[in-house]
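The values are calculated or read from the model by the stated rules, or taken from the named source; none is laboratory data. Here the structure is a predicted model, which is why all the values come from computation and not from measurement. Using ideal geometry, Cβ is built from the backbone for each residue, glycine included, and neighbour counts are taken over all protein chains shown.
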Amino acid sequence: MGTLDIDAVASFLRAAELKSFTRAAEALGTTQSLVSTRVKRLEDGLGRLLLQRHPRLVRLTAEGERFLPAARELMAAHGKALAAFAVAPVHIAVGISEQAVGAEVPAVLARLTAHDPGIVINLRIEPSRMLEEAFERGELDVVIVRRLAAGRTGEVLRDDAGGWFAAPSLVRPPDAPVPLVSLVAECRLRRHSMDTLDRAGIAWREAFVGGGMAAVAAAVQVGLGISPLAARIAPAGAVDIGPAWGLPVLGGSQVVLRSNIATPRAGAFVRELAAAFRG
């Protein structure tokens, strides 16, 4: 193979990262069949099987693992080459709920920057309600928020189960109120958890209020109390002790994307952002 098809390499990378031709197509703004065709053409040109196909997912083969670092370097160099002639940087105001991203902010930013180095990301990480209000005022171009119930607007990226997370060593003294660890007052899940306990007739007290997920995670890990969280963003080592403590089912929530972006380049950025949060 004399040259590599950039689109084929991009399709391979997305399929490898997302473990799905369908999700890769969504991220690239194309069809599943085209992604599959491009990857097959790349494999034929290299004379190597890069991805093992399964009914519901794809996995890297040993040859695919070998090719992956070089493919990433190629796409990064391609992006830099295109950015060298960009007329002006594109600024996109992004809002992400910390209850949606948890500790994955560095990974998400790295992925978005690699996708298009010429886009300047103006990022706000705040409670979902504040982000949706800012979006309605036109202050943000795109938001990723967590909702406890289905809304009329936005694209649902995934459904997450919720739970009452705490350090495994946390012990509840007899007749003591449930010690809650939560985000600031604007957090929807904080209010929802309190209302859920009230309806069940279970006493609770605020043990810690954190200004961010890093603070909440630290409080949970040192045993200050229980935090109502989506299981996906629970702190490392924390367990759902709701059943053991007889706490009511917290229910699930949805991670939702809202965007008012229309240009092709910014639209590709939004698709990449959505792919980073899909289930």
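Just one of the listed residues (103, 77) is within 30 Å of residue 186 (Cα to Cα), outside the structural domain of residue 187 (by TED's automatic domain parsing) and surrounded by fewer than 16 Cβ atoms within 10 Å (Cβ to Cβ), and it is 103.
Residues of region 150-182 that are free of Cβ contacts under 8 Å to residues at least 60 places away in the same chain, small (Gly, Ala, Ser) and exposed (fewer than 12 other Cβ atoms within 10 Å of the Cβ): 169, 176. Considering region 14-120, the qualifying strands (runs of 3 or more DSSP E), each wholly inside and each with 3 or more residues that are among the small types (Gly, Ala, Ser) and at pLDDT 90 or above, run over 90-97.
Of the residues making up region 236-274, those that are under 22 Å from residue 102 (Cβ atoms), touching a strand residue (DSSP E or B) at 6+ places or on another chain (Cβ under 7 Å) and assigned to a loop (DSSP other than H, G, I, E, B) are 238, 241, 247, 250, 251, 252.
Counting just the residues of region 242-256 that are crowded, with 20+ Cβ neighbours inside 10 Å and hydrophobic (A, V, I, L, M, F, W, C), which one comes out nearest to residue 200 (Cα to Cα)? Ranking the candidates gives 247 first. Scanning region 160-215 for residues that are assigned to a loop (DSSP other than H, G, I, E, B) and either assigned by TED's automatic domain parsing to the domain that holds residue 130 or modelled with pLDDT of 90 or more (or both) gives 161, 167, 168, 169, 170, 171, 176, 177, 200, 201, 202, 203. Among the residues of region 1-13, the ones that are of a type in the set (Val, Ile, Thr) and in a helix (DSSP H, G or I) come to 2 in all. Among all residues of region 260-277, there is at least one that is in contact with a Ser or Thr (Cβ under 7 Å, 6 or more places away or on another chain), surrounded by 16 or more Cβ atoms within 10 Å (Cβ to Cβ) and modelled with pLDDT of 90 or more.
Under 20 Å from residue 111 (Cβ atoms) and in contact with a Leu (Cβ under 9 Å, 6 or more places away or on another chain): is that true of residue 16 in this structure? For residue 16, the condition - under 20 Å from residue 111 (Cβ atoms) and in contact with a Leu (Cβ under 9 Å, 6 or more places away or on another chain) - is met. In summary, residue 237 fulfils each of the numbered conditions (1) at pLDDT below 95; (2) more than 21 Å from the chain's Cα centre (by Cα) with the single exception of condition (2).
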